[in-house]
Amino acid sequence: MSVDEEIFQEFRRIGQFLDRRGLISSHGGNMSVRQGKKMLVKRRGAMLGDLHPWDIVEMSIEEIDSKIMIASTEALVHRAIYRETDHLAVIHCHPVHTVALSLVEDEITAIDAEGAFNLKRIPILDLKLPIGPVESAIHVPKMLNNYKVVVVRSHGIFAGAETLEEAYNWVTVCEEASTIRYLTMLTGKPLLRDVSKEFHDW
Ligand SMILES: [Zn+2]
């Protein structure tokens, strides 16, 4: 299958952004876009930072077809998100500060203005099987109906949006908010201002 050049270039562009910002390990993470009753998703084992046209796999959203064998290991989570939400693009990656906070908190509250304005709270799912689609395909879509980003404890995040660029924005805002929260916790000093407590004013 030859992928539309414009879509491929968008996969390649956003994949490189994720890689350069250290939001994935070399072969980690995946992303997809919805096209009607089908989705285009990264091939299993391909590097997001160095994508080629043959690394994009077309899969049915309505039924599980044979492409599942070569698609990303999380492809069934992407499929479930498209079946149960209005999102048209999904990014899954492993931002280190967000994942680190998921190991010590039950939800991530953005305390910086940018993070609080855009995401407010970032929910954390505690799954027995944090990797793979078995539980994530059930629980992640439900959360993405109400949030832009959801964290699977100890693993990574799923971000849903209308476009890959928008989903990428939520990924970076999430990791920025997590990093700020993480660094302020490290200082051990009390917060002089916590904008998460000012939500009602916005
Ligand atoms: Zn992952």
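Nothing in this text is a laboratory measurement; each read-out follows from the coordinates by a stated rule. The structure presented is a predicted model; accordingly, all values stated were derived computationally and were not measured. Every residue, glycine as well, gets a Cβ built from its backbone with ideal geometry; the counts of neighbours run over all protein chains shown.
Among the conditions (1) within 22 Å of Leu144 (Cα to Cα); (2) within 16 Å of the ligand (Cβ to nearest atom); (3) among the small types (Gly, Ala, Ser), the only one that Gly36 does not satisfy is (2). Only one entry in Asn145, Asn169 is within 12 Å of the chain's Cα centre (by Cα), surrounded by fewer than 17 Cβ atoms within 10 Å (Cβ to Cβ) and closer than 18 Å to Ser32 by Cα, namely Asn169.
Looking only at residues in segment 148-160 that are among the small types (Gly, Ala, Ser) and surrounded by 21 or more Cβ atoms within 10 Å (Cβ to Cβ), the one that is farthest from the ligand (Cβ to nearest atom) is Gly160. Residues in segment 137-164 that are over 20 Å from His27 (Cα atoms) and either hydroxyl-bearing (Ser, Thr, Tyr) or assigned to a helix (DSSP H, G or I) (or both): Ala137, Ile138, His139, Val140, Pro141, Lys142, Met143, Leu144, Tyr147, Thr163. Selection over segment 98-140 of residues that are within 16 Å of the ligand (Cβ to nearest atom), surrounded by 15 or more Cβ atoms within 10 Å (Cβ to Cβ) and in contact (Cβ under 8 Å) with a residue 40 or more places away in the chain gives a count of 7.
Out of curiosity, is Val57 under 19 Å from the mean Cα position of the chain (by Cα) and more than 14 Å from the ligand (Cβ to nearest atom)? Answer is yes for this residue. The listed residues are Arg83, Arg43, and the only one of them that is over 16 Å from the mean Cα position of the chain (by Cα), within 18 Å of Val134 (Cα to Cα) and not hydrophobic (A, V, I, L, M, F, W, C) turns out to be Arg83.
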